[in-house]
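One structure is given below, encoded as structure tokens.
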Amino acid sequence: MYQKNKNKYIIDLFSGCGGFAEGFEKSGYKSYLAADFDFWSCETFKNRFKNTHVINEDITTKKFKKILKSKMNGTPIEGVVAGLPCQSFSSVGRAQDKYSMRKDKRNYFYKDFFECLKIIKPKFYVFENVRGILSAKPNGTKIFDDILNLSKKLGYVTLDNTSQMVFDTSEYGVPQVRKRVFVIGVLKKYSYIIPKIYDELINKSKEKKIFTVKDAIADLPSLKPGEGEEKLKFENSSKNNYLKKIKNSKVLYNHVARKHNEKDRQRYKYLSKKNWALRDLKKVRPDLIHHDPEHFHNRYTVQKYNLPGKTVVSHLYKDGNLFIHPDYKQERTFTVREAARIQSFQDNFIFLGSRTEQYKQVGNAVPPLMAYKLAKVIKKYCG
């Protein structure tokens, strides 16, 4: 076991608004420093974690590395967590880019992560990304092999079986199907704990119940398009087993519905009421069919009350049609708060910035409940 320190500090790189830090703090770690290039993500992080050094800087620059060294000032750090930008590895990102993201510099942000690791020298690290990172070959060479080699060169050991690194957050208390790779590395002399950590996560940490969209959002105030407030009193006392973990405030933040045009409102109403796909509208309301139904058929997706939500994405701010509310009477897409509920953020977690910025923050985040599950097991074996 590791030698125990009074404060178990972590550093959160590519931190976003703080999903990783939220989960790790709930398990007993303290967030010492966080860094992200996005201004509003940093503002949200600072608002949530008052005692954390938050650096709004491009992590890939020499300037950031200098700032990092100065802020460290000999402080022992238990772990480094990172939600590396995933757009260049996602199937959507590859499909939308004519070079299939081969020229995207985000392919190589992992190198900056390991450069920072060299400076920080933590006992463990955790980084998260989409499954596409396991097979990505932007220049003909498998990126994940390079990740494992860099980890090994720095004296860290991780799991050999990459298939065991893939976790579905819906199995860990998050009401959302979100399959992500979590790479956990520890210093070589503690290599024996890696199989134990993954074994406990895979075989002993899953929830017995899969929570659904209804579990997550059914208690929230009903809104029509354009209604809602950034801050409102919320006295609803309804609580299920999921909401017992999430619902911790009598004030509700970020619950404002987008405005929608009349055609979209009618689409939402039919799709949610009839449980249809966009193509099914053609027989009944051809006037509501999009000009390019083949391309847009999967862009209008009703979230099902009786199932966990679909993956909340970073481009939710412009693809709101992916999250149509299951209550047909509301005729709208998800609010920021509803998306945050699906992501397992507690109700008193406030997202700052414009609504566009808030959606980005929610979609880019690691679900706090998933981060908590990881942190709890890591803490057990890392002391």
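Of everything in region 169-195, what is charged (D, E, K, R) and in contact (Cβ under 8 Å) with a residue 12 or more places away in the chain? Give them in sequence order. 171, 178, 179, 180, 188 - these are the residues of region 169-195 that are charged (D, E, K, R) and in contact (Cβ under 8 Å) with a residue 12 or more places away in the chain. Taking residues in region 251-262 that are touching a residue at least 12 places away in the same chain (Cβ under 8 Å), and partners anywhere that are among the hydrophobic types (A, V, I, L, M, F, W, C), the pairs with Cβ atoms closer than 6 Å and at least 6 places apart or on different chains are 252/232; 252/234; 253/350; 254/336; 254/351; 257/223. When you scan region 68-83, do you find a residue that is within 28 Å of residue 136 (Cβ to Cβ), at pLDDT below 95 and touching a helix residue (DSSP H, G or I) at 6+ places or on another chain (Cβ under 7 Å), even just one? Yes, region 68-83 has at least one match.
Screening residue 321 with (1) farther than 22 Å from residue 245 by Cβ; (2) modelled with pLDDT of 95 or more gives one miss only, at (2). For the criterion of being among the charged types (D, E, K, R), under 24 Å from residue 312 (Cβ atoms) and either at pLDDT below 95 or touching a Phe, Trp or Tyr at 6+ places or on another chain (Cβ under 9 Å) (or both), residue 26 passes. Counting only strands (runs of 3 or more DSSP E) that fall entirely inside region 5-71 and contain at least 3 residues that are without any contact (Cβ under 8 Å) to a residue 24 or more places away in the chain, the qualifying elements are 30-36, 53-56.
Among the residues that make up region 32-46, is at least one of them of a type outside the set (D, E, K, R), over 15 Å from residue 79 (Cα atoms) and touching a Pro at 6+ places or on another chain (Cβ under 9 Å)? Within region 32-46, not a single residue is of a type outside the set (D, E, K, R), over 15 Å from residue 79 (Cα atoms) and touching a Pro at 6+ places or on another chain (Cβ under 9 Å). Show me the helices (runs of 4 or more DSSP H) entirely contained within region 314-383 in which 3 or more residues are under 27 Å from residue 199 (Cβ atoms). It comes to 368-382. With the condition kept exactly as written, say whether any residue in region 227-237 is in contact (Cβ under 8 Å) with a residue 12 or more places away in the chain, crowded, with 20+ Cβ neighbours inside 10 Å and more than 24 Å from residue 347 (Cα to Cα). No, that holds for no residue. Selection of region 108-122 for residues being in contact with a helix residue (DSSP H, G or I) (Cβ under 6 Å, 6 or more places away or on another chain) and not hydrophobic (A, V, I, L, M, F, W, C) yields only 110.
In this structure, does residue 117 turn out to be touching a strand residue (DSSP E or B) at 6+ places or on another chain (Cβ under 8 Å), at pLDDT below 95 and closer than 28 Å to residue 24 by Cα? No: the conditions fail for residue 117. Residues of region 151-204 that are farther than 18 Å from residue 372 by Cα, of a type in the set (Ser, Thr, Tyr) and surrounded by 17 or more Cβ atoms within 10 Å (Cβ to Cβ): 151, 156, 158, 190. Only helices (runs of 4 or more DSSP H) whose full extent lies in region 188-305 are considered here, and the ones with at least 3 residues that are under 30 Å from residue 154 (Cα atoms) are 193-203. Given (1) at pLDDT below 95; (2) closer than 30 Å to residue 180 by Cβ, where does residue 287 come up short, assuming only one miss? The single condition residue 287 does not satisfy is (2).
Looking at residue 128, is it surrounded by 21 or more Cβ atoms within 10 Å (Cβ to Cβ), among the acidic types (Asp, Glu), within 25 Å of the chain's Cα centre (by Cα) and farther than 30 Å from residue 327 by Cβ? Spelling it out, residue 128 is indeed surrounded by 21 or more Cβ atoms within 10 Å (Cβ to Cβ), among the acidic types (Asp, Glu), within 25 Å of the chain's Cα centre (by Cα) and farther than 30 Å from residue 327 by Cβ. I'd like to know if region 53-62 contains one or more residues that are more than 23 Å from the chain's Cα centre (by Cα) and assigned by TED's automatic domain parsing to the domain that holds residue 13. Checked region 53-62: at least one residue is more than 23 Å from the chain's Cα centre (by Cα) and assigned by TED's automatic domain parsing to the domain that holds residue 13. Note on region 341-383: among residues that are buried (at least 24 other Cβ atoms within 10 Å of the Cβ), of a type in the set (Gly, Ala, Ser) and within 10 Å of the chain's Cα centre (by Cα), the one that is nearest to residue 20 (Cα to Cα) is 371.
Scanning region 208-220 turns up no residue that is within 30 Å of residue 110 (Cα to Cα) and surrounded by 12 or more Cβ atoms within 10 Å (Cβ to Cβ).
The values are calculated or read from the model by the stated rules, or taken from the named source; none is laboratory data. Not measured: the values here are computed from a predicted model. Every residue, glycine among them, receives a Cβ derived from its backbone with ideal geometry; neighbour counts consider all protein chains shown.
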